[in-house]
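First comes the structure, then the notes that go with it.
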Amino acid sequence: MDKIVIWGGERLKGEVLISGAKNAALPILVSSLLTEGWNTFRNVPDLRDIKTVKKLLNHMGARCRTQSPGTIQINSENIACCEAPYELVKTMRASILVLGPLVARLGQARVSLPGGCAIGARPVNLHINALERMGAEIFLADGYLEAKAKRLKGARIYFDISTVTGTENIMMAACLADGETTLENAAKEPEIVNLAEVLNGMGARVSGAGTDVIRIEGVDKLHPVEADIIPDRIEAGTFIIAAGITAGDVVVRGCVPGHLDALIKKLTDTGMEITPVEDGLRAIGHKGIRSVDVMTLPYPGFPTDLQAQIMAYLTVARGSSLISETVFENRFMHVSELQRMGANIKVQGGNAVVKGVSGLRGAPVMATDLRASASLILAGLAARGRTDLSRVYHIDRGYEQIEKKLSGLGARISRVRE
Ligand code: EPZ
C-alpha cells in the first residue's frame, strides 16, 4: 500500500490545472447505456472510480476504449448482462447509477444494494421509490435489487430529500419512458446540468436541470454523442483552500468560478483574496486567518464535499468556527486525525466547534474516506514537521495525481510504498 509523506511549512505558489469532475463523469459514462454506437467523452479524469465504472460497463458487455488521454469512447450496443455485481458496487456506491438506465434500456436490472460507507448509511430508497412510481417492480433478494418494467411510464416524482445521484438516476431512466416525468425538489448541482446537456445531445428532451423542477419528455431512442466533462469544483476548492492554509498565491486554472460561490464567500470572510483570472481563479492566502461558521447544504449551498477541507483550514484560524454538517450523518471521521496533529475540535452530533490553534504538528495519520484524505493532506501542508498519510487509495478515488499537482506548487510531498 502507498502512503503520502508531507513536510509542511511551504507556501504554495504557481498554477495548477483542474481535471474533469469525478461526479459529472460517473453518471455521464453510465448514460452511454441508453444508446447504441460509440459515444465520445472528453476531459474524463484518470481516477480509481473511473476505472471502476469502466469495469462495470465492460461487465455488462459495453466496450470502452481510450481514444487519447482524458478522452474515452463507450459503445453499449451489445449490452447483454444487466447486473452490477457486489464486488464492484462495494468499491463504488455510485454504481447504483446503472439501475435507471438498465431498466429503461433493457427492461430489467440486478444491482447489488450499495452498503453504507464511512460517511453514512447512504440509503437509496428515493431512487427505488421513484422508479416504482414509474411502473418498475423492484424487490430485494440476496442483497441485490431486482428491477423490471416492460416500459417505464412518465410520472410526477417528488424527492423528500434533494438527492444528487437519485436525480441523475431518474433523469436518465425518464429519457426512454413513455410520457413526461417531472422531478420536484431535484438536486441542482452543476454535475446534474452537465448530465442533462449530454442527454439532450443524445436526443433526449430534458429541461429545467439546475432548478428545483426538471422535466423529461420520454423518447423512443437515443443516439451516441460527443461531450465534455465539466471541471471538478471540489478539486478546485481543495486547491483554493491549499493556497489559504499555506498563505500561498495560486492560480487555479480551468475551474468555473460560478460553481464555487459559497466557498469563495466563506474564504473571503476569513481574509483570503480570491479573484477571477482568465480561465480560472487566483487565490491568495494570508497569515492570521479569521474564523467563520460553515453549514453544508445542497447546491448552491456550501458543499459537503468541501467540509473536511475547510475544517482543516479553520483549525489554524484565530477564534472559534462552528461547522454544521447537514447532508450526511457521519462526516466527521477526519476530526480525530486532525486532533492527532494538534487541532482543537469538539464534535456534538452534526456540529463541530473548531477552536483555532497557533499551528499544527505533523504526525502519522490515516485516511478514512475520500474528502477526509484531502483534509489531512491540507493539514500536513501547514503543519510543522512530517505527516505520513496512510490508505491513500481513498484519495486516488477522487484526485488525479494530487501529490504531483501539489509538488508543482512547491509543496514538499511524495508518494512512497509503505
Ligand atoms: C453525491 O452522493 C456525490 N457522489 C457525493 O460525493 C456528495 O457528497 C453527495 O452527492 C452530496 O452532494 C456522486 O455524485 C457520485 P445524495 P449521493 O443522494 O448522490 C440521503 C464525493 O466525495 N438520501 O445527494 O449518494 C443521503 O443519505 C462523494 O465525491 C436518502 O436518504 O448523495 C444524504 O443524507 C461523497 N435516500 C442525502 O440524501 C436516497 O435514496 C444526500 O445524498 C438518497 C439519498
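Values in this text are rule-based calculations from the coordinates and carry no lab data. Model, not experiment: these values are computed from the prediction. Quick reminder, even Gly has a Cβ in these numbers, built from the backbone with ideal geometry, and neighbours come from all protein chains shown.
Taking amide H atoms as placed 1.01 Å from N in the peptide plane, the amide H of Arg318 lies under 5 Å from those of Ile289, Arg290, Ser291, each 5 or more residues away in sequence or on another chain. Taking the Cα of Lys90, stepping 7 Å toward and past its beta carbon, and measuring to each backbone N in segment 378-418: which are under 18 Å? Counting backbone N atoms under 18 Å from the label point, the list is 393-394. Each peptide among 119-127, 330-338 gets the average number of other Cβ atoms lying within 10 Å of its residues, and from highest to lowest they stand as 330-338, 119-127. Amide H contacts of Val277: Arg282, each under 5 Å away and 5 or more positions distant or on a separate chain (H built 1.01 Å from N in the peptide plane; Pro and chain starts excluded). Normalised by the number of residues in the chain, the mean separation of alpha-carbon contacts (under 8 Å, six or more apart) gives a relative contact order of 21 percent. For segment 277-292, putting each phi into the Karplus relation 6.51 cos²θ - 1.76 cosθ + 1.60 with θ = phi - 60° gives couplings of 10, 4, 6, x, 9, 10, 10, 10, x, 9, 5, x, 5, 7, 6, 9 Hz, in residue order, rounded to whole numbers and with x for Gly and Pro. Label sites at Glu329 and Asp212, each approximated as a point 7 angstrom past Cα along Cα to Cβ, lie 2.6 nm apart. In summary, the helical segments of the chain meeting the span-like criteria, namely a full DSSP H run, a Cα extent along the axis of 15 angstrom or more and a mean Kyte-Doolittle hydropathy of at least 0.0, are 164-175, 190-201, 233-245, 370-382. Of the residues Val251, Gly271, Ile310, the one whose Cα sits farthest towards the positive end of the charge dipole of segment 247-332 is Gly271 (charges of +1 on Lys and Arg Cβ, -1 on Asp and Glu Cβ, taken about the Cα centre). Per-residue Karplus couplings for segment 148-163, computed as 6.51 cos²θ - 1.76 cosθ + 1.60 with θ equal to phi - 60°, are listed in order as 8, 7, 4, 8, 5, 10, x, 8, 9, 10, 10, 8, 4, 10, 6, 9 Hz, Gly and Pro entered as x.
Annotation: peptides 250-262, 299-311, ranked by per-residue average of other Cβ atoms within 10 Å with the highest first, follow the order 299-311, 250-262. Computed from phi, the 3J(HN,Hα) profile of segment 342-356 under the Karplus parametrisation 6.51, -1.76, 1.60 (θ = phi - 60°) reads x, 6, 10, 10, 10, 9, 9, x, x, 10, 10, 9, 9, 9, x Hz, with x in place of Gly and Pro.
Using the Cβ-Cβ distance between His286 and Gln348 with R0 = 30 Å, the FRET efficiency computed as 1/(1 + (r/R0)^6) comes to roughly 0.50. Summing charges over neighbours of Ile157, with a neighbour being any other residue whose Cβ is under 9 Å away from its Cβ, gives +1 when K and R count +1 and D and E count -1. Could you give me D for the chain, from Stokes-Einstein at 37 °C and 0.692 mPa s, where the hydrodynamic radius is the Kirkwood radius over C-alpha pairs? Units µm² s⁻¹, please. Reported coefficient: 151 µm²/s.
The length gained on full extension between Asp46 and Lys150, counted as 0.36 nm times the residue separation minus their Cα-Cα distance, comes to 33.8 nm. Summing charges over all other residues whose Cβ lies under 11 Å from the Cβ of Leu33, with Lys and Arg as +1 and Asp and Glu as -1, gives -1. Largest mean-square fluctuation among Ser68, Ser321, Ser76, in a Gaussian network model of the chain whose springs join Cα atoms under 10 Å apart, belongs to Ser68. Once the C-beta distance of His59 and Ser414 is scaled by a Förster radius of 41 Å, the resulting FRET efficiency is 0.70 to the nearest 0.05.
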